[in-house]
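Comments concern the structure below.
Just so it is clear, none of the values below were taken in a lab; they were calculated from the coordinates. This structure is a prediction, so every number in the text was calculated from the model and none was measured. Don't worry about glycine lacking a Cβ; one is built from the backbone with ideal geometry, like all the others, and counts go over all protein chains shown.
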Amino acid sequence: MSSLTVTDEQVSATPAKVIQPAWVRVMHWINALAMILMILSGWQIYNASPLFGFSFPREYTLGGWLGGGLLWHFAAMWLLMINGLAYLITGFATGRFRKKLLPITPSGVLHDVRAALTFKLGHADLTVYNYVQRVLYAGIILVGVLIVLSGLGMWKPVQLHWLVSLFGDYPTARYIHFFCMAAICAFLVIHVLLALLVPKSLRAMIIGR
Amino acid sequence: MAKRSFLIPGVDKRLLIKDSIKTMPDVSRRRFIAGGASLGALTLLTGCDVIDSSSAEEMLKSVSKFNDAVQDFIFNPDALAPTFPESAITKPFPFNAYYDLDDAPEVDGADWKLEVRGLVDNKKSWTLPELYKLPQVTQITRHICVEGWSAIGSWTGTPMRDFLKLIGADTRAKYVWFQCADKDGYNSPLDMRTALHPQTQMTFKYAGEILPRAYGFPMKIRVPTKLGFKNPKYVVSMEVTNDYKGGYWEDQGYNSFSGS
């Protein structure tokens, strides 16, 4: 094997810019797994006492019965909460949230939504989020916080009574928990669809560039 | 209390048979495994058998034990469950069990005696008239079922901690274990700190009337800091003990502490 010689050309050919740093990628995929486990086990729990006139199909529930669903839900919640907390702390501490998600202006959002719907939204520079992305990502972080808080309140309505009071009462927290889940599912559909439409964004979330 | 869940069609039969063979003798374990086997949903998603049902079961059991410890740690013995005005009471208050109302135990109040066992000074059994003579208090609190629904009710009876004092119970013991007259035998352990909680009650009345059969005549244990299945009805005996003796639902996989 010949030894490598460093040429000027190689030096100038700097590696592609890192779009998603390692911590974002790791936490993103842990979160994806935790969310799916929480949603599928949550549907199992929902089916035990449906809030509305429908149940989730059994094939898309986790745990086999209520008891199994609860075990999954209260196991995956640790994964979701610890990973989510680490993500929030790192996101704020590194300034990533501020740099990537702000500012969000109504005119910017309107402009980019219109562009997206007519397939004119550019994706040349993946390091800068467009306004559709900013709104969706900031929004889903808020929903994530809300679903964890309402869930904690439902889990401990006496010990964390103040948390339940924040939402009104126990049954209201239950509805909020459900609607947050629905919002996350809607986000998931759009998110996956858009990632498939712009595959290099998916690649960036896997290998970073 | 919650409805009993049975094996339901849609479970991967090969997995089920495989698991059932090795666990045949134990009904509760079989039902739990059915949960693991129907992880088919996840297997389909990932395209591989990432979750072997028995190792998943072990993992989930350990996490549930960890959750028991966490809940015991954050349990504040002075934190009271919220109370409500009479106007907030849910009418009708739901009957809920793993059997129909027709199959609910019919206890003869004249024959019934509460048996007291274990680490207590006075093991005498108590008749209903004797128990009715004890000082009683009323609470209007929210009953939260493990299934997710909740209902507000009015319960009247003797605080459990007063009774434990009266019978000279060793309150350093870990559990008070209840046995009930439900068919198939219902039982449930209550951790001592919860048993001593000011709102934990030996309940004799619902909405000011003698406890009806639907709600657990002659005596239920009302524990507003626990999920409904840890509020046993039709109680026939209580035992103060350091041993974890399991419970009807706890043995099938419901989290044992299940605190609110």
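Residues within the reach of a label modelled at B:Ala79 (point 7 angstrom out along Cα to beta-carbon, backbone nitrogen below 11 Å), restricted to region B:127-154: there are none. Taking 0.692 mPa s as the viscosity and 37 °C as the temperature, the Stokes-Einstein diffusion coefficient of region B:83-167 based on its alpha-carbon Kirkwood radius rounds to 209 µm²/s.
Near B:Val240, once Lys and Arg are set to +1 and Asp and Glu to -1 for all other residues with Cβ below 15 Å from its Cβ, the sum equals +2.
For the protein assembly as shown, give the magnitude of the charge dipole about the Cα centre (Cβ charges: +1 Lys/Arg, -1 Asp/Glu; no others), in debye to the nearest 20.
Dipole about the Cα centre, nearest 20: 1000 debye.
What the Cβ-Cβ distance of B:Asn122 and B:Ala69 gives, at R0 = 35 Å and to the nearest 0.05, is a FRET efficiency of 0.60.
Rounded to the nearest whole angstrom, the semi-axes of the ellipsoid equivalent to region A:28-125, taken from the Cα gyration tensor as √(5λ), stand at 35, 21, 11, largest first. Taken over region B:79-119, the alpha-carbon convex hull comes to 212 cubic angstrom per residue. Given the protein assembly as shown reduced to its alpha-carbon atoms as identical point scatterers, what log10 I(q)/I(0) does the Debye formula return at q = 0.14 Å⁻¹? For the protein assembly as shown at q = 0.14 Å⁻¹, log10 I(q)/I(0) is -1.34. In plain terms, the residue of B:His197, A:His191 with the fewest other Cβ atoms within 10 Å comes first and the most crowded comes last, giving A:His191, B:His197. With N counted as the residues of region B:167-215, its alpha-carbon radius of gyration over 2.2 N^0.38 Å works out to 1.36.
Within straight-line reach of A:Lys156, meaning a Cα separation under 16 Å, sit the following aspartates and glutamates at least 8 residues removed in sequence or on another chain: A:Asp169, B:Asp68, B:Asp72, B:Asp78, B:Glu147.
The chymotrypsin sites (Phe, Trp or Tyr not before Pro) of region A:115-209 meeting both criteria, a DSSP state outside H, G, I, E and B (loop) and at most 12 other C-beta atoms within 10 angstrom of the site's C-beta, are A:Phe119.
The simple spin-label model puts a point 7 Å past each Cα toward its Cβ; for A:Val128 and A:Val18 those points are separated by 2.2 nm.
Legend: calculated FRET efficiency, B:Asp243 to A:Leu142, from the Cβ-Cβ distance at R0 = 45 Å, rounded to 0.05, equals 0.45. Give, as a single signed number, the net charge of other residues whose beta carbon lies under 10 Å from the beta carbon of B:Thr171, with Lys and Arg counted +1 and Asp and Glu -1. Net local charge, B:Thr171 excluded: +3.
Of all lysines in the structure, those lying under 27 Å Cα to Cα from A:Lys120, and not within fewer than 8 positions of it along the same chain, are A:Lys17, A:Lys99, A:Lys100, A:Lys200. Rg/Rh for region B:155-260: what does it come to with C-alpha atoms and Rh from Kirkwood? Dividing the radius of gyration by the Kirkwood radius yields 0.93.
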